[in-house]
Amino acid sequence: MFSSISLCSLGSLCASSIFSRCATPGTNYFQTVKNQLSDLIQLKNPTKVKHLTDSYNVKHLTGANRDTYISPTGKGFKIGKGVDSVKDAEMERRSQRLNDIYSNPKFYGGKYANVGSLQLVTEDGRQKVATSFQLIKDAIPLQFKKSENGLGVSNVPETYEKVPQSALDELIKAGYNLWDVKPDNFVKIKNEQGSWDYLPIDAKLIGLTADARDESQPMSPRTEQVDQLQNEAKSRFAFGGKYVDKLV
């Protein structure tokens, strides 16, 4: 889960203090960040990554499309895998939908407008695309267990935590059409009333509703993909709504 990163918190990079140093006075902010990400990408080999994670307590998570590095303070980077910078850029551009959602005044009244991710591209255009982020304080991942083939399919309710329909209604009301609704795509945050707000942390399969689209513009590939998946499955949400708590 992400929040905006300040100029000082990103800072400049060297191998011994990747996540900790502040930018030097007069340094161009985006130039500093580009250099920072370039250096981190160049460090990405098994020996140096292990040194980075072991020596500085940097958590390294790897997924199908990206590697994620998180420092003890919650500052981190996501770096696309592979060498196709066009594909990497598209993947990261899709992640920016989270910015739109959090800042939307119709999503929980806009109270998460200060939460967002920052897309950054390395300077020469040939390096991988990376996104910097900051973990959101007090955000709690939803509980679930994974099987070898992905999210667990056990019929025992305790193996996963559902996303309340009321939380999804917040997103739909704000103009977003969701498909891939499952617990590892959401976190929850305790709100002022003592209950929970639910925020999406993966926006690859969140399109726009018909009411939110500009009819004068062509439908975006992502929105078209979500519509197609819903029509083919004859279901509003993936997995037949298995991970949606319709009673809440």
request  = Using per-residue counts of other Cβ atoms within 10 Å, averaged over each peptide, order 52-63, 67-78, 211-222 from highest down.
outcome  = 67-78, 52-63, 211-222
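What is the sum of charges around ILE189, taking Lys and Arg as +1, Asp and Glu as -1, for the other residues whose C-beta is under 13 Å from the C-beta of ILE189?
Values: positive: LYS111, LYS137, LYS188, LYS190; negative: ASP138, GLU170, GLU192, ASP197.
Summing Lys and Arg as +1 and Asp and Glu as -1 gives 0.
Given a Förster radius of 51 Å and the C-beta distance between ASP211 and LYS44 as r, what FRET efficiency does 1/(1 + (r/R0)^6) yield to the nearest 0.05? Could you put the intermediate results ahead of the total?
Working: r = 43 Å, r/R0 = 0.84.
Calculated value: 0.75.
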task = Place the peptides 235-243, 189-197 in order of packing, highest mean first, counting for every residue the other Cβ atoms within 10 Å and averaging per peptide.
result = 235-243, 189-197
request  = Return the long-range amide H neighbours of TRP179 (sequence gap of 5 or more, or a different chain), with a cut-off of under 5 Å between placed amide H atoms.
outcome  = GLY207
message = Accessible area per residue for region 167-227 in Å², computed with a 1.4 Å probe and the full protein assembly in place, what is it?
response = 46
ask   = Short version: ³J(HN,Hα) in whole Hz for each residue of region 165-173, in order, from phi by Karplus 6.51 cos²θ - 1.76 cosθ + 1.60 (θ = phi - 60°), x for Gly and Pro, what are they?
value = 4, 4, 5, 5, 4, 4, 6, 5, 4
task = Name the long-range amide H neighbours of VAL163: under 5 Å, sequence gap of 5 or more, or other chain; modelled H, no Pro or chain starts.
result = VAL244, ASP245
query = Computed FRET efficiency, Cβ-Cβ of LEU229 and SER55, R0 45 Å: what is it to the nearest 0.05?
reply = 0.55
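The values are calculated or read from the model by the stated rules, or taken from the named source; none is laboratory data. A quick note: this is a predicted structure, and the numbers were derived from the prediction, not measured. Heads up, the Cβs are rebuilt from the backbone with ideal geometry, glycines too, and the neighbour counts pull from every protein chain shown. Accessible surface is based on the protein model in full, side chains and every heavy atom, while ligands, DNA and RNA are left aside. Shrake-Rupley method; radii C 1.70, N 1.55, O 1.52, S 1.80 Å.
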